[in-house]
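The values are calculated or read from the model by the stated rules, or taken from the named source; none is laboratory data. Everything numeric here is computed off the predicted structure, so don't read it as measured data. Cβ: placed from backbone, ideal geometry, glycine included. Neighbour counts: every protein chain shown. Just so you know, the surface numbers come from the protein's heavy atoms only, side chains and all, with ligands and any DNA or RNA stripped out. Shrake-Rupley method; radii C 1.70, N 1.55, O 1.52, S 1.80 Å.
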Protein chains: 10
Amino acid sequence: MLFQVEMDVRLPPDMAPQVADELKRVERERAQQMQHEGKWRHLWRVAGRYANVSIFDVESADELHALLTSLPLFPYMAMTVTALCRHPSSIRDDDR
Amino acid sequence: MLFQVEMDVRLPPDMAPQVADELKRVERERAQQMQHEGKWRHLWRVAGRYANVSIFDVESADELHALLTSLPLFPYMAMTVTALCRHPSSIRDDDR
Amino acid sequence: MLFQVEMDVRLPPDMAPQVADELKRVERERAQQMQHEGKWRHLWRVAGRYANVSIFDVESADELHALLTSLPLFPYMAMTVTALCRHPSSIRDDDR
Amino acid sequence: MLFQVEMDVRLPPDMAPQVADELKRVERERAQQMQHEGKWRHLWRVAGRYANVSIFDVESADELHALLTSLPLFPYMAMTVTALCRHPSSIRDDDR
Amino acid sequence: MLFQVEMDVRLPPDMAPQVADELKRVERERAQQMQHEGKWRHLWRVAGRYANVSIFDVESADELHALLTSLPLFPYMAMTVTALCRHPSSIRDDDR
Amino acid sequence: MLFQVEMDVRLPPDMAPQVADELKRVERERAQQMQHEGKWRHLWRVAGRYANVSIFDVESADELHALLTSLPLFPYMAMTVTALCRHPSSIRDDDR
Amino acid sequence: MLFQVEMDVRLPPDMAPQVADELKRVERERAQQMQHEGKWRHLWRVAGRYANVSIFDVESADELHALLTSLPLFPYMAMTVTALCRHPSSIRDDDR
Amino acid sequence: MLFQVEMDVRLPPDMAPQVADELKRVERERAQQMQHEGKWRHLWRVAGRYANVSIFDVESADELHALLTSLPLFPYMAMTVTALCRHPSSIRDDDR
Amino acid sequence: MLFQVEMDVRLPPDMAPQVADELKRVERERAQQMQHEGKWRHLWRVAGRYANVSIFDVESADELHALLTSLPLFPYMAMTVTALCRHPSSIRDDDR
Amino acid sequence: MLFQVEMDVRLPPDMAPQVADELKRVERERAQQMQHEGKWRHLWRVAGRYANVSIFDVESADELHALLTSLPLFPYMAMTVTALCRHPSSIRDDDR
């Protein structure tokens with residue numbers, strides 16, 4: 001099933017740059033791993049904000065929660081989760 | 001370029017059923033036409049609401065505006081438009 | 001999977017009483033049918049408001065959407081849907 | 001009587017991990033104790049957030065307040081409390 | 001137990017004056033009846049708004065709901081209900 | 001004249017416990033003094049929050065402000081002040 | 001004592017022009033009467049909105065409420081009332 | 001002096017098309033007249049909404065108010081007015 | 001021209017008392033200087049909050065901005081600025 | 001294409017003055033560079049706030065994002081981005 005997840009990242013301004021960079025590196029690794037596994041289906045940057053709009057493709061809300069909380073940046077993120085369904089007017093087969 | 005558009009539809013409860021049905025029919029037609037043209041890239045239903053989350057793929061904001069205002073349901077919709085960019089961690093080539 | 005759904009009902013004050021009563025009757029019937037089918041697991045009234053807090057137990061967000069939109073009062077309701085997971089500290093087996 | 005309580009936990013990101021872990025451990029213990037006592041009837045995790053939706057079954061608002069403020073994580077939580085009543089359409093006997 | 005209830009009244013501006021007056025008359029009657037019964041403990045007018053702040057003294061949330069929904073103006077009111085407890089610093093015996 | 005005052009207390013989580021306890025002690029003393037003087041007419045705890053709903057009985061807004069800002073916890077509180085009037089349907093003589 | 005009152009006027013767009021004009025005429029009369037009586041101390045128009053910011057000088061909140069609800073446009077207005085005190089840094093004697 | 005004005009237009013969905021078209025025609029005329037007079041300096045459409053972002057160049061807030069309230073669509077618009085100043089980092093001479 | 005400015009002061013609770021007192025002293029001096037110069041026309045305290053409602057009388061928004069940002073407490077204040085016009089029903093000559 | 005960007009700057013009050021001054025200096029340099037390049041078309045100060053309203057003229061949302069995130073003050077700014085289109089009533093040729 002699909003979920004839309006909006007993630008707003010707020011790193012403390014006084015965080016040491018190298019700590020922040022390392023966090024972003026492992027975050028990127030984790031995010032790409034999930035994309036390769038087909039869980040993190042779409043990942044877009046919101047123009048002008050340190051935020052993204054994402055579409056997750058998971059078996060359950062439990063799996064979604066496990067994935068999101070495993071993100072290194074999770075403690076610094078405000079997330080909005082919206083459950084999606086197939087739209088009756090959608091022509092894309094795989095958009096479930 | 002990509003835009004996320006969230007559309008909340010609010011038809012007046014006292015609208016005659018056949019008027020509403022006809023509106024939905026032509027809306028569906030218009031939406032599928034735009035999808036076939038590659039403009040309306042993703043269309044998902046929000047669970048529990050007469051609303052959708054969509055991703056548009058257009059040349060400009062002007063084109064986006066023309067498409068959205070051409071929708072039969074436009075006068076009955078509240079829209080939130082978010083400009084998207086390619087995310088540095090995205091592995092999908094065509095997610096621009 | 002479980003969803004929390006909060007439903008705020010707003011009937012137009014000038015709706016004819018018998019129309020409103022009939023709507024409520026068939027709504028009640030539909031709601032009890034879903035409870036008997038095990039889909040609508042909990043249904044509580046919010047004190048002081050024509051609103052409820054409910055827990056749905058469904059296979060997918062699509063099924064949830066189909067159930068909610070089939071409610072006679074759906075056109076008059078504002079709904080908030082929250083996807084739930086099993087809580088690691090929960091001791092109830094069937095709270096998924 | 002039943003109350004819905006939504007708890008949003010916000011631990012300071014710079015809290016030492018072992019301090020946070022110990023807090024969570026005693027929180028978990030306290031929560032399970034209340035569940036065993038029948039006070040904390042339902043406890044669900046909100047997908048994507050360090051938050052929960054809970055249903056408490058208490059004698060009074062005073063008892064609810066005493067329980068909630070006794071939680072080790074209370075100083076780090078934003079709570080929304082909603083008083084619930086039995087819904088006229090509910091078919092569950094014990095949902096009061 | 002005590003509840004604070006804030007009631008915002010919004011009568012449709014085009015409601016016939018005599019209908020509105022009659023509604024207010026029976027509302028006043030009902031409100032004073034509940035005060036005499038000791039259920040509606042305090043009733044204050046909010047300066048500058050057709051709204052009130054009230055304190056109800058009831059056995060349960062169910063009783064509160066029954067009282068509030070029995071008010072003639074209920075369909076025209078937006079209500080905010082807050083469950084109250086005795087405050088540890090209160091010196092009034094009967095403020096429960 | 002009467003004012004409703006809602007006070008939300010937010011002590012910094014990292015405040016030393018003994019400092020917090022001392023603050024609460026003198027706050028309690030001050031609050032009870034004002035109640036004995038008839039200024040702080042009602043003080044209720046909001047269930048589930050470190051907050052209260054209060055009714056003040058003062059000569060003027062100036063007096064209200066002097067009382068509120070004299071509270072030891074004032075720097076840590078968010079306050080909402082609502083001016084109240086006698087309600088035409090109130091049967092209590094002393095509810096002004 | 002002084003109150004700041006912000007009034008947002010929303011006349012139904014389909015109100016007959018002459019009805020609206022007559023309402024505005026008597027509103028203007030009433031407002032100027034109150035100003036002459038010294039009750040309505042300041043009245044400014046908010047640029048770009050059918051709204052005003054006003055300062056009232058009254059004996060009590062009750063008097064304020066009586067004045068405001070006597071305004072012909074009251075049923076069409078959303079009001080925000082803020083109780084004011086003398087500011088310790090104010091140099092104006094009559095700003096109470 | 002410059003003001004930013006954001007205008008959200010909400011025409012009643014049941015307004016007769018020809019009435020709406022005529023309103024838009026005279027609105028367009030009025031808007032272009034103000035632009036030719038140098039008062040309405042910039043006028044942009046917000047993508048996806050029947051709304052605009054505008055910059056007005058006027059002598060005073062009074063003049064701004066007179067211009068805005070003279071717009072045929074004014075009764076159907078929600079406006080947000082923001083007073084602007086010259087920015088110390090601006091390199092444009094005429095951006096005041 | 002006149003502006004309403006609402007100022008909410010939030011000093012960090014852990015600011016050293018003498019630093020806070022000195023800030024308030026010079027703020028008071030600056031505020032009284034502006035009042036004597038006729039720029040800061042009205043200054044009222046909001047009952048129950050470390051906030052004020054003020055009316056400024058300036059030549060332009062630029063002058064307003066220069067005055068406000070010169071206030072010692074400016075970095076600790078949240079400000080809401082509303083441009084005012086003369087109200088057609090105002091009887092005060094000097095209320096512009 | 002044009003974007004409206006509103007930037008609210010919030011520097012930590014306890015930031016060392018020279019650090020803040022240096023940040024502002026390089027920010028000013030960067031902002032003027034972008035204006036000279038024609039990317040940052042308009043930059044106005046919001047009266048009374050450490051905030052600005054800007055109009056950017058870029059090839060894409062990606063370019064906008066790159067420009068905004070390259071601003072030295074970016075980590076301390078809350079940004080609102082609105083995609084703009086040419087308005088059918090605009091008479092300015094270059095307002096796209």
Exercise. Within the set of pairs 6 or more residues apart or between chains, which connect a residue that is within 9 Å of chain F (Cβ to nearest Cβ) and buried (at least 18 other Cβ atoms within 10 Å of the Cβ) inside the range E:21-42 to a residue that is part of a helix (DSSP H, G or I) and among the acidic types (Asp, Glu) with Cβ atoms less than 7 Å apart?
Worked result: E:His42/F:Asp95
For this session: Kindly establish whether G:Val81 is touching a strand residue (DSSP E or B) at 6+ places or on another chain (Cβ under 8 Å) and either more than 9 Å from chain E (Cβ to nearest Cβ) or hydroxyl-bearing (Ser, Thr, Tyr) (or both).
Result: no
Exercise. On the given criteria, is A:Thr82 crowded, with 18+ Cβ neighbours inside 10 Å and of a type in the set (Ser, Thr, Tyr)?
Worked result: yes
Exercise. Would the range A:47-54 turn up any residue that is within 14 Å of chain J (Cβ to nearest Cβ), at positive phi and modelled with pLDDT of 95 or more?
Worked result: yes
For this session: Keeping to the range E:43-59, report how many residues are open to solvent by 30 Å² or more (accessible area, probe 1.4 Å) and either farther than 23 Å from E:Pro12 by Cα or within 12 Å of the chain's Cα centre (by Cα) (or both).
Result: 1
For this session: Would you check which residues across the range I:55-78 are charged (D, E, K, R) and either touching a residue at least 40 places away in the same chain (Cβ under 8 Å) or within 7 Å of another protein chain (Cβ to nearest Cβ) (or both) and list them?
Result: I:Asp57, I:Glu59, I:Asp62
For this session: Could you look through the range A:9-18, keep only residues that are open to solvent by 50 Å² or more (accessible area, probe 1.4 Å) and within 14 Å of chain J (Cβ to nearest Cβ), and pick out the one that is modelled with the lowest pLDDT?
Result: A:Pro13
